[in-house]
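Enquirer: My questions will all concern the structure given below.
The values are calculated or read from the model by the stated rules, or taken from the named source; none is laboratory data. It should be emphasised that the depicted structure is a prediction, and the values quoted were computed from it without experimental measurement. Neighbour counts run over all protein chains shown; Cβ positions are idealised from the backbone, glycine included. Just the protein is used for accessible areas: all its heavy atoms, side chains included, with ligands, DNA and RNA removed. Shrake-Rupley method; radii C 1.70, N 1.55, O 1.52, S 1.80 Å.
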Amino acid sequence: MSLDIKNISVTFGDQTVLQDLTLPTIHNGEMVALIGRNGAGKSTLLRQMTMLLKQYPEQIQYAHTPLQLNDIGYLPQEHRIHANVTVLELLITTMNIHSTSLIAKQECAELGLLLLQEMGVLHLANKQCMDLSGGESQMVGLAQALINNPKVLLLDEPTSALDMQNQLRLLNFVRAYVERTGACVIMVIHDLNLALQYADNIAVLHQGELFDYGAPNHTVTPELIWDVFNVDAHIVKVENTPIVVMKTQNVH
Ligand SMILES: Nc1ncnc2c1ncn2[C@@H]1O[C@H](COP(=O)(O)OP(=O)(O)OP(=O)(O)O)[C@@H](O)[C@H]1O
């Protein structure tokens with residue numbers, strides 16, 4: 001199974017945000033980190049993927065057939081849940097249940113609780129969604145994106161509100177999900193060190209186009225960081241893991 005994204009163009013007024021963007025095929029069980037400057041069009045690509053499925057399904061194909069909206073799990077940027085329901089109720093209503101029987105609802109509740117437990121956030125099950133902190137809301141947003149076992153997971157800055165432990169929890173959970181199910185993941189992320197550690201491939205979006213694409217070690221280089229972000233950086237290795245260290249003195 002594989003995900004193909006082809007020839008995506010987006011304009012807002014006279015601003016071309018994405019210009020005929022095509023990504024290399026994303027294979028089963030692959031995590032792609034989408035990086036680029038603020039305003040490069042990363043969120044637009046994820047948002048358009050869900051909209052394009054309605055209008056131009058041939059541009060997004062999974063296993064060589066048009067991807068269905070039901071097959072996508074999407075965690076938007078700055079995810080906040082304004083519904084007046086508990087976290088568990090939210091997960092139950094998000095599930096694709098085809099029965100209203102009490103037994104079906106009980107099964108859904110058990111699945112929801114299991115997912116929250118596996119993600120390490122079972123304590124949030126009975127909290128009101130509106131009372132969640134920013135980071136709690138982001139963890140619940142991932143649970144919501146995963147609850148229907150999507151084939152394609154689109155994550156927009158999924159760790160932006162999380163403390164260090166939850167950043168690792170969330171990314172380890174996504175990694176394990178991908179290995180277990182063979183789903184394809186596109187994840188927008190600004191933290192290049194997390195991208196280096198978790199992604200199989202890095203897609204660099206710059207000025208509406210795909211600037212570079214490839215294995216993290218080969219793609220994230222001081223030259224790329226300079227060309228795309230105008231930042232001087234070293235890449236050092238700690239226990240064989242590459243780490244980006246920004247030189248803070250000269251910001252252009
Ligand atoms: N609905 C819209 N109407 C007009 N312009 C838009 C709209 N959505 C996005 N844009 C513009 O498109 C450009 C790309 O926005 P987008 O949110 O995709 O960037 P991004 O790469 O995700 O940025 P960031 O890293 O800051 O989240 C920006 O210049 C933004 O102002």
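Enquirer: For the structure I just gave you, tell me whether ARG80 is in contact (Cβ under 8 Å) with a residue 24 or more places away in the chain, open to solvent by 30 Å² or more (accessible area, probe 1.4 Å) and within 11 Å of the ligand (Cβ to nearest atom). Talk me through it step by step, then tell me what you get.
Expert: On the way: in contact (Cβ under 8 Å) with a residue 24 or more places away in the chain: yes; open to solvent by 30 Å² or more (accessible area, probe 1.4 Å): yes; within 11 Å of the ligand (Cβ to nearest atom): no.
When the stated conditions are applied, ARG80 does not pass them.
Enquirer: Let me ask something else. Please work out if ASP156 is out of contact with any helix residue (DSSP H, G or I) (no Cβ under 7 Å at 6 or more places or on another chain), closer than 28 Å to LEU224 by Cα and in the same structural domain as ASN84 (by TED's automatic domain parsing).
Expert: no
Okay, residues lined up against (1) away from the ligand (no atom under 16 Å from the Cβ); (2) loosely packed, with under 15 Cβ neighbours inside 10 Å; (3) modelled with pLDDT under 95:
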{"residue": "VAL87", "(1), (2), (3)": "yes, no, no"}
{"residue": "ILE103", "(1), (2), (3)": "yes, yes, yes"}
{"residue": "ALA109", "(1), (2), (3)": "yes, no, yes"}
{"residue": "VAL140", "(1), (2), (3)": "yes, no, no"}
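Yes or no, residue by residue, for (1) within 17 Å of the chain's Cα centre (by Cα); (2) at positive phi:
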residue	(1), (2)
GLY120	no, yes
LEU124	no, no
CYS129	no, no
LEU132	no, no
GLY141	yes, no
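Enquirer: Let me ask something else about it. For the list (1) open to solvent by less than 50 Å² (accessible area, probe 1.4 Å); (2) among the hydroxyl-bearing types (Ser, Thr, Tyr); (3) outside the structural domain of THR25 (by TED's automatic domain parsing), I need the number of the one condition that THR248 fails.
Expert: Among (1) open to solvent by less than 50 Å² (accessible area, probe 1.4 Å); (2) among the hydroxyl-bearing types (Ser, Thr, Tyr); (3) outside the structural domain of THR25 (by TED's automatic domain parsing), the lone unmet condition for THR248 is (1).
Residues checked against (1) within 27 Å of GLN48 (Cα to Cα); (2) open to solvent by 60 Å² or more (accessible area, probe 1.4 Å); (3) touching a Ser or Thr at 6+ places or on another chain (Cβ under 9 Å); (4) modelled with pLDDT under 95:
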| position | (1), (2), (3), (4) |
| --- | --- |
| GLU157 | yes, no, yes, no |
| LEU171 | yes, no, yes, no |
| GLY182 | yes, no, no, no |
| GLN207 | yes, yes, no, yes |
| ASN217 | no, yes, no, yes |
| VAL238 | no, yes, no, yes |
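Enquirer: Further question: Filter segment 154-182 down to residues that are within 16 Å of LEU194 (Cβ to Cβ) and part of a strand (DSSP E or B) and give me whichever is nearest to the ligand (Cβ to nearest atom).
Expert: The residue in question is ASP156.
Enquirer: Just wondering, is there one or more residues in segment 124-136 that are open to solvent by less than 30 Å² (accessible area, probe 1.4 Å), closer than 20 Å to LYS42 by Cβ and touching a Ser or Thr at 6+ places or on another chain (Cβ under 8 Å)?
Expert: no
Enquirer: For segment 196-209, how many residues are of a type in the set (A, V, I, L, M), within 13 Å of the ligand (Cβ to nearest atom) and either more than 20 Å from ASP4 (Cβ to Cβ) or touching a Pro at 6+ places or on another chain (Cβ under 9 Å) (or both)?
Expert: Within segment 196-209, residues that are of a type in the set (A, V, I, L, M), within 13 Å of the ligand (Cβ to nearest atom) and either more than 20 Å from ASP4 (Cβ to Cβ) or touching a Pro at 6+ places or on another chain (Cβ under 9 Å) (or both) number 1.
Enquirer: Within the set of pairs 6 or more residues apart or between chains, which connect a residue that is closer than 24 Å to LYS151 by Cβ and among the charged types (D, E, K, R) inside segment 4-27 to a residue that is away from the ligand (no atom under 12 Å from the Cβ) and part of a loop (DSSP other than H, G, I, E, B) with Cβ atoms less than 6 Å apart?
Expert: Sorted first by the residue in segment 4-27, then by its partner, the pairs are ASP4/THR25; LYS6/THR22.
Enquirer: Tally up the residues in segment 36-66 that are open to solvent by 30 Å² or more (accessible area, probe 1.4 Å), free of Cβ contacts under 8 Å to residues at least 60 places away in the same chain and away from the ligand (no atom under 12 Å from the Cβ), please.
Expert: 9
Enquirer: In addition: Could we say that THR11 is surrounded by 13 or more Cβ atoms within 10 Å (Cβ to Cβ) and among the β-branched types (Val, Ile, Thr) here?
Expert: no
Enquirer: Another question, if that's okay. Cβ contacts < 6 Å: first residue farther than 22 Å from CYS184 by Cβ, restricted to segment 198-224; second residue in a helix (DSSP H, G or I) and within 16 Å of the ligand (Cβ to nearest atom), any location; separation 6+ or different chain. Result?
Expert: Matching pairs, first to second residue: HIS206/VAL228.
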